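Right, one structure below, let's go through it.
Every read-out reported here was derived from the displayed coordinates using simple, explicitly stated rules and does not represent laboratory data. For clarity, every value in this text was computed on a predicted model and none was experimentally measured. Ideal geometry is used to build each Cβ from the backbone, glycine not excepted, and the neighbour counts take in all protein chains shown.
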Amino acid sequence: MLETRALVKHYRSPTEIVHAVDGVSLSIAAGEFVAMYGPSGSGKSTLLNLIAGFRAPDSGQVIVQGCDIATFTEKQHADYLRNVVGVIGRQDELLPDASARENAALKLFRTKARRALREIEPLLIELGLQSRMDHPMTKLSMGERQRVIIARALSTAPRLVIADEPTGNLDTRRSRDILSLLRQLCQHRKTAVLLATHDPQAVAYADRAYVLSDGQLRDYRPDDVFVRLGAATTLHHA
């Protein structure tokens, strides 16, 4: 479904060259949930932006469904973002005065303007928002807003979902609910998922997990989870 081949993206700062992504090769099959762990500044968002086509790599390729996205025209890229890839982004991308239904249907409005609000209903129900569809964002909890973002990303039945810190602003219980829900939905739909996170607990929901550090990808070891969780517990009780 998704393959990156020796992907490179460097940035020049006043004092150094930042190797945000430095030769990353990765493949994800349909229906597979892959987590990419790393602290802020480790290059996770840069890699996701390259896969979405928001930025061009210095070298390497992003292959999705057998197509090199670097060859896309502007229209093909727009179609790619609308129909092939779903991006779960930040909550500040929601329209505060619009309803949950309207926010979730934004991608559908572009091709199904008259039916968009009706067609998004089953997905919102599946996400547990049946009684909240017509509430504005200001009336929804953080967890409910995140579900709206997921609904928008999944609204066009994409084959690939990329999620950048989808639980970053949620407490532990809501984080687990969102991760479990995302995994179930994408397994049911046979959608490939790439999750970028700095939460070690999120790794448990993935079929495979990696660490992105200094722009390079390596296998995530179970010991890494326990060490970081132990350190967090120690700090919490200090």
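For Y11, Y205, Y37, which order do you get if you count the other beta carbons within 10 Å of each Cβ and list the fewest first?
Arranged by neighbour count, lowest to highest, Y11, Y205, Y37 become Y11, Y205, Y37.
For A29 and N83 in one chain, what is 0.36 nm times their gap in residues minus the Cα-Cα distance, to one decimal in nm?
Using 0.36 nm per residue and subtracting the Cα-Cα distance, I get 17.7 nm.
How large is ³J(HN,Hα), in whole Hz, for each residue of segment 4-20 in order, when computed from phi with the Karplus curve 6.51 cos²θ - 1.76 cosθ + 1.60 and θ = phi - 60°, using x for Gly and Pro?
Along segment 4-20, the couplings run 10, 10, 6, 6, 10, 8, 10, 10, 9, 9, x, 10, 7, 9, 8, 8, 4 Hz.
222 nm [θ] for the chain, helices only, -39500 (n - 2.57) per DSSP H run of 4+, per residue, to 500?
On the way: 9 runs with 81 residues, N = 238.
Rounded to the nearest 500, it is -9500 deg cm²/dmol.
Taking Cα centroids, how far is segment 117-154 from segment 177-218 in Å?
One Cα centre to the other: 22 Å.
Give the label of the value calculated from the structure for Cα extents along the principal axes in Å, choosing from (i) 51, 43, 40; (ii) 49, 37, 33; (iii) 52, 49, 37.
(iii)
In debye, nearest 20: dipole of segment 2-237 around its Cα centre with unit charges on the Cβ of K, R (+) and D, E (-)?
Details: 31 positive and 27 negative charges, 152 e Å.
Rounded to the nearest 20 debye, it is 740 debye.
Using the basic label-point model (7 angstrom from Cα toward the beta carbon), what is the R90 to T172 distance in nanometres?
2.8 nm
Using the Cβ atoms and a cut-off under 10 Å, what net charge is assigned to the surroundings of D164, where Lys and Arg are +1 and Asp and Glu are -1? Kindly include the intermediate steps, with their values, before the conclusion.
Details: positive: K44, R90; negative: E165.
Local net charge: +1.
Once you have the Cα-Cα distance between S13 and Q216, take 0.36 nm times their residue separation minus that, and quote the gain in nm to one decimal. Don't skip to the answer; put the middle values down first.
Details: separation 203, 0.36 × 203 = 73.08 nm, distance 1.91 nm.
Taking S13 through Q216 to full extension adds about 71.2 nm, to one decimal.
Could you work out the Rg to Rh ratio of segment 12-125, with Rh taken as the Kirkwood radius (inverse of the mean 1/r over all Cα pairs)? Write down the numbers at each step before the final one.
Values: Rg = 17.1 Å, Rh = 16.9 Å.
Checking Rg against Rh, the ratio lands at 1.02.
Just to be sure I understand the model, the point goes 7 Å from the Cα along the line to the Cβ. What's the resulting A113 to H135 distance in nm?
Inter-label distance under the simple model: 3.1 nm.
Quick one: if the Förster radius is 30 Å, what FRET efficiency do D97 and I125 give, using the C-beta to C-beta distance and rounding to 0.05?
Working: r = 23 Å, r/R0 = 0.77.
For D97 and I125, the calculated efficiency is 0.85.
Can you list which of the DSSP-assigned H helices in the chain have a Cα extent of 30 Å or more along the long axis and an average Kyte-Doolittle score of at least 0.5?
Details: long enough: none.
The answer is none, since no helix passes both cut-offs.
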